[in-house]
Amino acid sequence: MEVVDLDFRYENGYKVFQDINLKAEKGKFVAIVGPSGVGKSTLLRLLGAFLKPEKGQVLLHGKPVLRPTPLISMVHQSIVTFPWMTAEENVALSVKTRNLPKDRVKEISSHALEMVGLQGFNDLYPKEMSGGMRQRVAVARSLAAEPKILLMDEPFAHLDELTAEGLRQDIYNILFNEDSPLETVIMVSHNLTEVIELSDTVFILNGSPATIVAKVDIDIPRPRSPRDPAFDQMLDRLYSYLTKKEVKKQ
Amino acid sequence: MIPGAGVLLATSSPGTINGIPFLTITLAVLATSIRVLALILLSIISGWLLAYGAIKSKIFENVFISLIEIFESVPVITFFPVVLIIFVNRIGGELGVELAADFLVFTAVVWNIWMGEYQAFKTVPNEMVEVANNYDYGFLDRMSMIYIPFSIPRIAANLFPSVSDGFFYITVSEVFSIGLTTYATFGIGTEISALLAESNYYGILTAFIIMGLVIVVIILGLRSFSERAVARYTVDTDMPIMRRGKPRIRQTARLSAVASLNTLGKLAKYNRERRPQKDPEELFSTNPRNGKGNIIIGIIALAILVYIVYSAVELIMSVSASEWGYLFSKTPYLLYGLLLDYIRVLSITAVSLVLALTLGYYFATRRRVEKFGIPIIQTISAYPVPAYFPFIFLGIYPFVDSIFGPYTEESLVLLLGFLATFYYVFYGFWMGVKAMPAEYNEIMRNLDMGFFRKMRYVILPSTFPYLIAGITSTVNSAWGGLEIGEYWPNIAGGKTLQVHAGLMKTIDLATSSGNIALAAWGSFLFAMIVAVYSIIFTRKMMDLAKKKYVAEEGIYSV
């Protein structure tokens with residue numbers, strides 16, 4: 001996925017982005033970080049074509065993305081499930097759009113739940129689940145749509161620290177397992193620790209109107225531990241990018 | 001409705017130009033508007049006191065809420081015989097007629113407002129009550145500094161439907177007849193009836209224009225008031241499910257911001273049922289004032305109950321055995337009429353629902369259309385249908401007759417019912433779609449779902465509570481439409497609009513022929529069945545809605 005010369009302004013005329021350029025490569029977990037209010041979630045919605053840019057374009061495999069598509073699937077910051085559907089039905093929602101036979105829909109949905117570690121919980125309703133389980137359902141629903149790109153908007157923000165840590169440890173393997181057709185994950189977060197723990201590449205968004213001020217590749221071997229000195233150094237580096245008033249592109 | 005009641009009011013009045021009594025019409029519009037607004041004000045003030053009583057006394061609360069729930073589900077027309085007996089027969093004179101009209105309008109506007117205030121009082125944040133206790137506020141301080149300001153957004157939310165309902169019942173409340181006697185009180189309902197009887201169509205057109213202007217001014221005023229109310233009095237409270245940065249529309253008082261712009265106050269019904277009814281003041285039961293207040297309010301409630309029971313027994317005893325025999329013999333026919341009316345109501349509701357699901361969705365998803373369409377529909381919905389329906393009748397009768405033949409009048413009555421009631425389910429659905437979590441919209445777009453798939457899996461379940469509340473309001477209001485339409489003598493062009501059979505027609509005929517006992521018995525049977533329907537169907541649906549179809553529960557955040 002590639003973003004080329006993207007500008008965007010809100011309806012009230014406020015210009016949010018100017019000349020956003022970024023490239024998310026295949027097989028990479030990409031993070032977008034930036035100060036609060038800089039427009040991280042807005043950028044994610046532009047990538048998913050939920051919003052239309054003022055200028056520039058979002059390309060998937062070289063073709064412009066003009067409207068939302070199951071090929072680019074979104075996991076929201078607020079954990080979204082449908083309370084009138086069981087876990088399996090929630091996941092099946094994204095499979096039904098492919099007009100498959102009922103058995104196949106059930107099979108894919110069950111498999112997606114299994115992938116996120118919720119085998120045996122198919123018949124539970126969201127209100128019978130913890131926040132972590134619900135977010136796993138939301139991830140399973142996105143994965144069941146068989147997207148090429150997964151957009152995650154602060155996916156751990158509404159989980160308690162222990163649950164978030166558990167899900168963070170699982171998520172990379174869930175997303176990039178051999179059964180998944182997923183090519184790239186793009187996550188927005190303000191939590192630098194989780195960004196370093198998960199990402200291969202980090203784009204730093206800053207300024208007003210905001211633009212990409214730096215791109216940082218993280219090559220710390222996985223699994224990554226915050227106790228690792230390299231982890232700490234990376235944390236300092238990202239922090240400095242976020243706090244500097246003017247930053248040159250790397 | 002008996003036009004002709006106000007003939008004397010319309011003719012030879014000063015300010016008449018080319019046969020159009022401008023001055024009388026203007027004064028009549030103002031009188032009606034002031035009547036509706038004053039009664040709303042009375043509802044608001046009495047509601048504050050009753051709501052405070054309800055949060056102070058469990059006994060009073062139980063009686064108060066149960067009665068509101070029953071009365072709210074019973075259409076205004078059920079009160080008609082009561083009005084005739086108490087105000088017209090017992091009080092009599094001009095005062096009796098004026099009070100009768102006021103009482104009918106009052107019963108049309110009051111329940112939403114009272115319930116909204118009660119809900120507001122019950123959900124005042126604990127912290128505010130703590131402050132009040134901390135500084136030992138008395139009754140007036142608590143009311144003026146905490147409870148009344150906190151209730152303002154909810155009142156704003158309920159004003160619009162109350163104004164609409166109030167205007168709707170003008171024509172049946174300002175002028176009515178019993179037997180050969182016609183009772184009328186000054187107002188635009190009476191004036192239009194008089195102009196109709198004179199076939200003064202330019203006068204009626206003038207009345208519509210002046211009334212339209214006043215309605216637009218009232219709507220603009222309500223909009224402005226609701227905007228100010230939300231901006232000034234809305235409090236962010238600790239709700240179980242809150243999305244960061246965005247208010248949970250149905251759970252915060254910000255609901256008022258949306259609700260106040262449409263006829264959806266009745267939908268608060270849903271909201272109230274799922275609210276945990278925990279009284280913050282219960283935490284402070286050591287306050288000796290609470291105990292004393294409870295006893296006093298309990299005694300008042302008991303006294304009212306005893307009076308009601310005594311009046312009912314007195315009324316029953318006053319009816320002779322032969323009269324009872326006559327009423328019982330009529331019961332099968334009344335029930336047959338009720339069955340026919342239920343079929344009519346269901347037909348009206350079904351058409352309203354289909355239109356709501358299509359047009360409502362179209363409006364909710366197209367911002368430009370919505371921006372202009374909603375205010376237009378708001379204005380039209382506040383326009384009393386009985387005032388303009390004779391013209392529709394006159395205009396389309398030949399056309400409808402050529403299509404429906406012997407079912408022409410039946411079709412026109414259904415049309416009247418539809419026009420009177422369509423808005424509730426329309427707004428219910430529209431507001432449900434607007435209140436749907438934004439994330440659901442994104443998921444539907446993300447999964448590229450088609451219209452029917454969206455409806456089936458996401459939109460209908462999400463809007464289910466709103467739809468149920470909207471349908472309930474539509475059903476209730478449809479009865480009002482039928483009451484007016486099933487027997488409307490001299491509606492226009494010398495014609496009488498009537499169906500071949502129906503309970504509402506029987507009640508209308510009984511009232512106009514002075515057979516109050518039959519009208520009261522029919523109304524009583526009707527009220528009982530509607531109340532049972534409400535308990536069995538509406539509440540079950542509401543329970544289902546609150547257990548399963550709460551869209552906000554789909555958004556988990558800390």
request  = Determine whether B:Asp165 is modelled with pLDDT under 50, within 30 Å of B:Ala51 (Cα to Cα), among the acidic types (Asp, Glu) and open to solvent by 10 Å² or more (accessible area, probe 1.4 Å).
outcome  = no
ask   = If we keep just the residues of the stretch B:410-440 that are aliphatic (A, V, I, L, M) and more than 16 Å from B:Tyr362 (Cα to Cα), which is farthest from the other protein chains (Cβ to nearest Cβ)?
value = B:Leu412
task = Looking for whichever is under 19 Å from the mean Cα position of the chain (by Cα) and at the interface with chain B (Cβ under 10 Å from one of its Cβ atoms) here; the options are A:Glu154, A:Glu146. Which one fits?
result = A:Glu154
ask   = Being within 9 Å of chain B (Cβ to nearest Cβ), on the phi < 0 side of the Ramachandran plot and free of Cβ contacts under 8 Å to residues at least 40 places away in the same chain, is that true of even one residue in the stretch A:61-68?
value = yes
inquiry  = Tell me the residue from A:Val16, A:Val4, A:Val75, A:Val95 that is away from chain B (no Cβ under 14 Å), open to solvent by less than 20 Å² (accessible area, probe 1.4 Å) and among the hydrophobic types (A, V, I, L, M, F, W, C), please.
reply    = A:Val16
ask   = If you check A:Glu154 against the conditions, is it farther than 28 Å from A:Asp232 by Cα and assigned by TED's automatic domain parsing to the domain that holds A:Pro223?
value = no
ask   = So is A:Leu205 on the phi < 0 side of the Ramachandran plot and part of a strand (DSSP E or B) or not?
value = yes
inquiry  = Conditions first: (1) modelled with pLDDT of 80 or more; (2) open to solvent by 10 Å² or more (accessible area, probe 1.4 Å). B:Tyr135 passes all but one, so which condition is the exception?
reply    = (1)
request  = Tell me, please, whether a residue that is closer than 30 Å to B:Met444 by Cβ and touching a residue at least 24 places away in the same chain (Cβ under 8 Å) can be found in the stretch B:290-306.
outcome  = no
query = Which pairs do you get when a residue that is part of a helix (DSSP H, G or I) and surrounded by fewer than 23 Cβ atoms within 10 Å (Cβ to Cβ), found in the stretch B:412-425, comes within reach of a residue that is at pLDDT 85 or above and charged (D, E, K, R), reach meaning Cβ atoms under 9 angstrom, with the pair 6+ apart or on two chains?
reply = B:Leu414/B:Arg344
query = Hey, among B:Gly522, B:Gly480, B:Gly514, which residue is part of a loop (DSSP other than H, G, I, E, B), under 23 Å from B:Val88 (Cα atoms) and not aliphatic (A, V, I, L, M)?
reply = B:Gly514
request  = State which residue pairs qualify: first residue acidic (Asp, Glu) and inside the stretch B:352-369, second residue assigned to a helix (DSSP H, G or I) in any location, beta carbons under 7 Å apart, and separation of 6 or more residues or different chains.
outcome  = none
inquiry  = Just the residues that are among the hydrophobic types (A, V, I, L, M, F, W, C) and surrounded by fewer than 16 Cβ atoms within 10 Å (Cβ to Cβ), please, taken from the stretch B:184-222.
reply    = B:Leu205, B:Ile209, B:Leu213, B:Val216, B:Val217, B:Leu220
query = What is the residue count in the stretch A:157-177 for residues that are in contact with a strand residue (DSSP E or B) (Cβ under 9 Å, 6 or more places away or on another chain) and more than 13 Å from chain B (Cβ to nearest Cβ)?
reply = 4
query = Only one of these conditions is not met by A:Thr184: (1) surrounded by fewer than 14 Cβ atoms within 10 Å (Cβ to Cβ); (2) modelled with pLDDT of 90 or more. Which number is it?
reply = (1)
inquiry  = Cβ-Cβ under 6 Å, sequence separation 6+ or interchain: first residue in the stretch B:441-470 and more than 7 Å from chain A (Cβ to nearest Cβ) and within 24 Å of A:Lys148 (Cα to Cα), partner surrounded by 17 or more Cβ atoms within 10 Å (Cβ to Cβ) and not hydrophobic (A, V, I, L, M, F, W, C). Which pairs?
reply    = B:Met444/B:Lys454
inquiry  = Based on this model, can you work out whether B:Leu509 counts as within 14 Å of chain A (Cβ to nearest Cβ), out of contact with any helix residue (DSSP H, G or I) (no Cβ under 6 Å at 6 or more places or on another chain) and either open to solvent by 10 Å² or more (accessible area, probe 1.4 Å) or at positive phi (or both)?
reply    = no
ask   = Quick check: is even one residue across the stretch B:124-132 modelled with pLDDT of 80 or more, at negative phi and not in a helix (DSSP H, G or I)?
value = yes
task = Output the qualifying pairs, or none if there are none: Cβ atoms under 6 angstrom, residues six or more apart or on different chains, first residue in the stretch B:158-171 and of a type in the set (A, V, I, L, M), second residue open to solvent by 10 Å² or more (accessible area, probe 1.4 Å).
result = B:Leu159/B:Leu222
Single unsatisfied condition, A:Phe50 versus (1) open to solvent by less than 10 Å² (accessible area, probe 1.4 Å); (2) of a type in the set (A, V, I, L, M, F, W, C); (3) within 14 Å of chain B (Cβ to nearest Cβ) = (1)
message = When you scan the stretch B:175-184, do you find a residue that is part of a helix (DSSP H, G or I) and either out of contact with any Ser or Thr (no Cβ under 8 Å at 6 or more places or on another chain) or modelled with pLDDT of 80 or more (or both), even just one?
response = no
task = Go through (1) open to solvent by less than 10 Å² (accessible area, probe 1.4 Å); (2) within 17 Å of B:Ala501 (Cβ to Cβ) and name the single condition B:Pro406 misses.
result = (1)
request  = Just one of (1) at pLDDT below 90; (2) open to solvent by 20 Å² or more (accessible area, probe 1.4 Å); (3) not aromatic (Phe, Trp, Tyr) trips up A:Asp200, so point out which.
outcome  = (1)
query = Hey, does the stretch A:78-89 have a residue that's more than 13 Å from every other protein chain (Cβ to nearest Cβ) and within 26 Å of A:Phe50 (Cβ to Cβ)?
reply = no
ask   = What number of residues within the stretch B:36-65 are open to solvent by less than 60 Å² (accessible area, probe 1.4 Å) and more than 30 Å from B:Val214 (Cα to Cα)?
value = 13
query = So which residues in the stretch A:103-142 are in contact (Cβ under 8 Å) with a residue 40 or more places away in the chain, more than 13 Å from every other protein chain (Cβ to nearest Cβ) and of a type outside the set (A, V, I, L, M, F, W, C), if there are any at all?
reply = A:His111, A:Gly117
request  = Please state which one of B:Glu98, B:Glu117 is open to solvent by 10 Å² or more (accessible area, probe 1.4 Å) and in a helix (DSSP H, G or I).
outcome  = B:Glu98
message = Given the criteria at pLDDT below 75 and of a type in the set (A, V, I, L, M, F, W, C), does B:Ile516 qualify?
response = no
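The values are calculated or read from the model by the stated rules, or taken from the named source; none is laboratory data. What you are looking at is a predicted structure, and each value in this text was computed from that prediction instead of being measured. Counting neighbours? That spans all protein chains shown, and the Cβs are built from the backbone with ideal geometry, glycine included. Side chains are part of the model used for accessible areas, which takes the heavy atoms of the whole protein and leaves out ligands, DNA and RNA. Shrake-Rupley method; radii C 1.70, N 1.55, O 1.52, S 1.80 Å.
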